[in-house]
1. Six or more apart or on different chains, Cβ under 7 Å: which pairs go from a residue in region 101-120 that's free of Cβ contacts under 8 Å to residues at least 24 places away in the same chain to one that's open to solvent by 40 Å² or more (accessible area, probe 1.4 Å) and in a helix (DSSP H, G or I)? Could you list them?
2. Would you say residue 333 is over 30 Å from residue 249 (Cα atoms), under 15 Å from the mean Cα position of the chain (by Cα) and within 16 Å of the ligand (Cβ to nearest atom)?
3. Residues to consider are 214, 153, 131; find the one that is in contact with a strand residue (DSSP E or B) (Cβ under 8 Å, 6 or more places away or on another chain), among the small types (Gly, Ala, Ser) and at pLDDT 95 or above.
4. Does residue 234 meet the test of being touching a Leu at 6+ places or on another chain (Cβ under 6 Å) and open to solvent by less than 60 Å² (accessible area, probe 1.4 Å)?
5. Counting residues that are of a type in the set (A, V, I, L, M, F, W, C) and more than 16 Å from the ligand (Cβ to nearest atom), which strands (runs of 3 or more DSSP E) fully inside region 200-287 reach at least 1?
6. Out of all the residues in region 245-255, which are within 21 Å of residue 303 (Cβ to Cβ) and surrounded by fewer than 24 Cβ atoms within 10 Å (Cβ to Cβ)?
7. Counting just the residues of region 41-90 that are within 20 Å of residue 248 (Cα to Cα) and away from the ligand (no atom under 16 Å from the Cβ), which one comes out surrounded by the most Cβ atoms within 10 Å (Cβ to Cβ)?
Amino acid sequence: MTDQTTGAPRPLPRHAAMDQFPSSGNELLIGGMPISRLAARVGQTPFYAYDRRLIGTRIAELRATLPEAVQLHFAMKANPMPALVAFMAARVDGLDVASGAEMRVALDAGADPRRMSFAGPGKSESELTQAVAANVLLNVESLREVRVLADIASRTGWKPRVAVRVNPDFELKSSGMRMGGGPKQFGVDAEIVPDLLREIGRLGLSFEGFHLFAGSQNLRAEAIVEAQQKSFELALRLAEHAPAPVRSLNLGGGFGIPYFPGETRLDITPIGDNLAQLAQRAERELDDAELVVELGRYLVGEAGVYVARVVDKKMSRGHTYLVTDGGLHHHLAASGNFGQVIRKNYPVAIGNRMASPSVEQVTVVGPLCTPLDLLAERMDLPAAEVGDFVVVFQSGAYGYTASPRDFLSHPQPVEVLV
Ligand SMILES: *Cc1c(COP(=O)(O)O)cnc(C)c1O
């Protein structure tokens, strides 16, 4: 397709996410391997590929920016692939799990249970027992959880380690997904935390600290700084009611990554500066508690791609459709149905035509019988043919396990760590 006024080829829109993955000629390189060869190595499309080197770079950058005293945790629900979790376990300070099954994967990966925490509403008695047996820190989210833990302790003699997940009395501004403030199913409302702390003391549970998680996918450093600041102040106030010194204060995370045109990278420098001040204050004012940040998406989201193959190319009333063997059932978020209000395209490329000059506007769909099954809508892409690879970037978090993979009973994607 050409520019109508000049006749010159229209330049392809290029998302910064793509710059992390170099190309060689027409071939996108993933983990250093040309996509066609990687697909042959994987043995099928569709697949997810996560690049170790990129994850390592992200962790190194965080380590260089966050104060040394701040513990960096990986929130596993963003990507619980066992090989990836093992990779992370060796590189971060701790893992945060959100189910009994995630806890098993983390323990298999060699994570130190003393450096693991378990959050999430509605933990079952079995999950609570598993976590106590494993000696994992429980971020308790209700009075019921505290009572069940006390029963487990009296039955087994094992001492539950607990932190209170607080539903703060403020909201994280400009967050993609708010998870604190106002009425919420997460955590315990700040105003009734003092009562819960009294109960924890009375029941003899081992109190270790507080957990606050205000929201997810935030690209504004000022908003994150403000939330961390307010979380710290709230923890200071609540600590007065605690049955034991605060040993750890988990300030959550919410660090976002840019998905859509116009979004810019989160600047983590001011967050690092603020955390350095908070770490000093924690030393003096909060029983020398250690500060924790827990990140999911920010650590792994940009390091992953989803790759599907074009199985049909159709015209409908002047519009071109690329039909692929992947879609919503594998990558709900890219289809726009995982928390988006107005659907926008994830960054997409044709992985074996990276240097192609011929551009056409296409809609990329999956094989499902629903108009929701979109991977890219009216996007300028290199002219593609059946057999080509459609690559969706920014797919390392909330992809494989956040998708309804049984919907319509198509073949499952696979995941590889490269
Ligand atoms: C989901 C979740 C995270 C991770 O959020 P990201 O936006 O992926 O960083 C961290 N902490 C808690 C408690 C969560 O539920």
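The values are calculated or read from the model by the stated rules, or taken from the named source; none is laboratory data. Note that the structure is predicted; figures quoted are calculated from it, not measured. All Cβ positions, even for glycine, are placed from backbone atoms using ideal geometry, and neighbour counts span all protein chains on display. Ligands, DNA and RNA are stripped out before the accessible areas are found, and what is left, the full protein with its side chains, is counted by its heavy atoms. Shrake-Rupley method; radii C 1.70, N 1.55, O 1.52, S 1.80 Å.
1. Qualifying pairs under 7 Å: 113/107.
2. Numbers: over 30 Å from residue 249 (Cα atoms): yes; under 15 Å from the mean Cα position of the chain (by Cα): yes; within 16 Å of the ligand (Cβ to nearest atom): yes.
Judged against the criteria, residue 333 is a match.
3. Values: 214 fails: at pLDDT 95 or above; 153 fails: in contact with a strand residue (DSSP E or B) (Cβ under 8 Å, 6 or more places away or on another chain).
Residue meeting the stated conditions: 131.
4. Against the criterion (touching a Leu at 6+ places or on another chain (Cβ under 6 Å) and open to solvent by less than 60 Å² (accessible area, probe 1.4 Å)), residue 234 does not qualify.
5. Hits in region 200-287: 206-211.
6. The first filter runs over region 245-255 and keeps only residues within 21 Å of residue 303 (Cβ to Cβ), leaving 253-255.
Result: 255, single match.
7. Ranking the candidates gives 89 first.
Results for (1) within 17 Å of the chain's Cα centre (by Cα); (2) within 13 Å of the ligand (Cβ to nearest atom); (3) open to solvent by less than 30 Å² (accessible area, probe 1.4 Å), shown as yes or no for each residue.
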position	(1), (2), (3)
126	no, no, no
129	no, no, no
141	no, yes, yes
145	no, no, yes
